[in-house]
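Visitor: Take a look at this one; I'll ask things after.
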Amino acid sequence: MSDIERPGISRKVVIVGSGDVGASFAYALLQSGSAECIVLVDSRKELAEGQALDLAHGLPFVPTTIVRAGSPDDYDDATVVVITAGSRQKPGESRLDLLKRNASIAGQIVEVIKAHESPAIVVVASNPVDVLTFIALKQTGWPRNRIFGSGTVLDSARFRHLLSQHCGVDARNVHAYILGEHGDSEVAAWSMTNLAGMAMDDYCPACRKCGDWSKERNRIVQEVRDSAYHIIEAKGSTCYAIGLALVRIVEAVLRNEHSIMTVSTLLEGEYGLKDVCLSVPCIVSKSGVERVIEGKLSDEELQALKDSASIIKESSRLLSA
Ligand SMILES: NC(=O)c1ccc[n+]([C@@H]2O[C@H](COP(=O)([O-])OP(=O)(O)OC[C@H]3O[C@@H](n4cnc5c(N)ncnc54)[C@H](O)[C@@H]3O)[C@@H](O)[C@H]2O)c1
């Protein structure tokens, strides 16, 4: 039975872009059982259809879910739309050319979502995620809560994973955030990091397992920053961890969880910044970004966040030049 035949469908997630990221996200979301209906959309219709059919063949093994390929008409009653559509850099193409192409794709998609009077919360995952989130907000004129980016949720997960390995502690017990750009200028917020209620600088001497912590700190930050480059060099793209990160983000919306996550949101004066989308801790609920949390950062971290904001703003400026 299709969802059209079932009245009152809720928890409908439309994924725009059925490539590596879109399909990995759909696969993880299907297993979570969090969505009632998953719809895959792609400009290559046959790709969306193939991915949906492949996923549908796993339905006997997962919580009851409708999964199918769809079209922009599915925006009409979507609960969440996740944008993973984009293109990869072509040989000889500059970063700015890629930026322009992806900006145009994201802009067109949100325009259609708006034209369909969709009630959905929109999550942008395509890169450069901070710039595309800003464009999507400007293009629709919607309030900041309704459109946000996956931002540094993935980078924060990488940070937590590396800290958990270093400390020999479950990654779920490591609270740590990467802020700013989802990219090279991202900022490790050490002053917001804690294990068992202790800041890392207090936890490490108490643990006494490692030698030179300051050296380790730098290694971990560098490894978080370089993660995507390493994976892309090895296998062409990153998709599984971002797929799982998107499940956490979308679950927070579908279940009205009020979870704290470093999503990319439009700042309106918080941290002394405005007119830029970047990642800071936010409360995510059924209304999207319900609140931006203005935590205390060291002077050095705050300056790094401002520098990161300038880099994102420069990309937006180049786009409109
Ligand atoms: N935010 C993050 O943490 C994160 C992590 C990994 C990848 N990404 C980004 O996600 C995006 C997708 O990556 P991928 O590896 O899945 O790429 P991919 O090339 O495998 O898939 C992209 C898909 O988008 C489709 N598409 C292009 N234009 C479209 C349009 N107008 N409407 C609908 N579909 C369209 C393409 O046909 C393609 O199937 C990239 O921009 C990538 O940089 C983000």
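Visitor: Report, ordered by the first and then the second residue, all pairs with beta carbons closer than 7 Å, sequence separation of six or more or different chains, a first member in the stretch 246-263 that is on the phi > 0 side of the Ramachandran plot, and a second member that is modelled with pLDDT of 95 or more and of a type in the set (Phe, Trp, Tyr).
Guide: none
Visitor: Within the bounds of the stretch 198-218, is there any residue that is surrounded by 13 or more Cβ atoms within 10 Å (Cβ to Cβ) and small (Gly, Ala, Ser)?
Guide: yes
Visitor: Exactly one condition in (1) modelled with pLDDT of 95 or more; (2) of a type outside the set (Ser, Thr, Tyr); (3) surrounded by fewer than 18 Cβ atoms within 10 Å (Cβ to Cβ) is false for residue 15; which is it?
Guide: With (1) modelled with pLDDT of 95 or more; (2) of a type outside the set (Ser, Thr, Tyr); (3) surrounded by fewer than 18 Cβ atoms within 10 Å (Cβ to Cβ) applied to residue 15, the lone miss is (3).
Visitor: Among the residues of the stretch 122-152 satisfying the criterion of being closer than 20 Å to residue 14 by Cβ and hydroxyl-bearing (Ser, Thr, Tyr), which is farthest from the ligand (Cβ to nearest atom)?
Guide: 140
Visitor: When the stretch 198-224 is examined, which residues are found to be in a loop (DSSP other than H, G, I, E, B) and out of contact with any helix residue (DSSP H, G or I) (no Cβ under 8 Å at 6 or more places or on another chain)?
Guide: 208, 211, 212 - these are the residues of the stretch 198-224 that are in a loop (DSSP other than H, G, I, E, B) and out of contact with any helix residue (DSSP H, G or I) (no Cβ under 8 Å at 6 or more places or on another chain).
Visitor: May I ask you to verify whether residue 115 is crowded, with 24+ Cβ neighbours inside 10 Å, more than 30 Å from residue 300 (Cβ to Cβ) and either more than 12 Å from the chain's Cα centre (by Cα) or not aromatic (Phe, Trp, Tyr) (or both)?
Guide: no
Visitor: Okay, next question. Pick from the stretch 153-169 the residues that are of a type in the set (A, V, I, L, M, F, W, C) and within 16 Å of the ligand (Cβ to nearest atom): which of them is surrounded by the fewest Cβ atoms within 10 Å (Cβ to Cβ)?
Guide: By that ranking, first place goes to 157.
Visitor: Something else about it: Just the residues that are touching a Lys or Arg at 6+ places or on another chain (Cβ under 9 Å), among the acidic types (Asp, Glu) and without any contact (Cβ under 8 Å) to a residue 60 or more places away in the chain, please, taken from the stretch 44-82.
Guide: 49
Visitor: Could you tell me whether the stretch 248-255 includes any residue that is away from the ligand (no atom under 16 Å from the Cβ), outside any helix (DSSP H, G or I) and under 22 Å from residue 121 (Cβ atoms)?
Guide: Scanning the stretch 248-255 turns up at least one residue that is away from the ligand (no atom under 16 Å from the Cβ), outside any helix (DSSP H, G or I) and under 22 Å from residue 121 (Cβ atoms).
Visitor: Is it the case, given these coordinates, that residue 91 is at pLDDT below 95, more than 9 Å from the ligand (Cβ to nearest atom) and surrounded by fewer than 21 Cβ atoms within 10 Å (Cβ to Cβ)?
Guide: Criteria met by residue 91.
Visitor: Which of the residues that make up the stretch 225-240 are part of a loop (DSSP other than H, G, I, E, B) and surrounded by 13 or more Cβ atoms within 10 Å (Cβ to Cβ)?
Guide: Once the filter is applied, which keeps residues that are part of a loop (DSSP other than H, G, I, E, B) and surrounded by 13 or more Cβ atoms within 10 Å (Cβ to Cβ), the stretch 225-240 yields 237, 238, 239.
Visitor: Within the stretch 36-77, track down each residue that is assigned to a loop (DSSP other than H, G, I, E, B), in contact with a helix residue (DSSP H, G or I) (Cβ under 6 Å, 6 or more places away or on another chain) and within 16 Å of the ligand (Cβ to nearest atom).
Guide: Once the filter is applied, which keeps residues that are assigned to a loop (DSSP other than H, G, I, E, B), in contact with a helix residue (DSSP H, G or I) (Cβ under 6 Å, 6 or more places away or on another chain) and within 16 Å of the ligand (Cβ to nearest atom), the stretch 36-77 yields only 42.
Visitor: Provide a single number: the residues in the stretch 266-305 that are surrounded by 16 or more Cβ atoms within 10 Å (Cβ to Cβ), farther than 30 Å from residue 119 by Cβ and free of Cβ contacts under 8 Å to residues at least 40 places away in the same chain.
Guide: Count: 2.
The values are calculated or read from the model by the stated rules, or taken from the named source; none is laboratory data. Not measured: the values here are computed from a predicted model. Because the Cβ atoms are built from the backbone with ideal geometry, glycine has one as well, and the counts that use them run over all protein chains shown.
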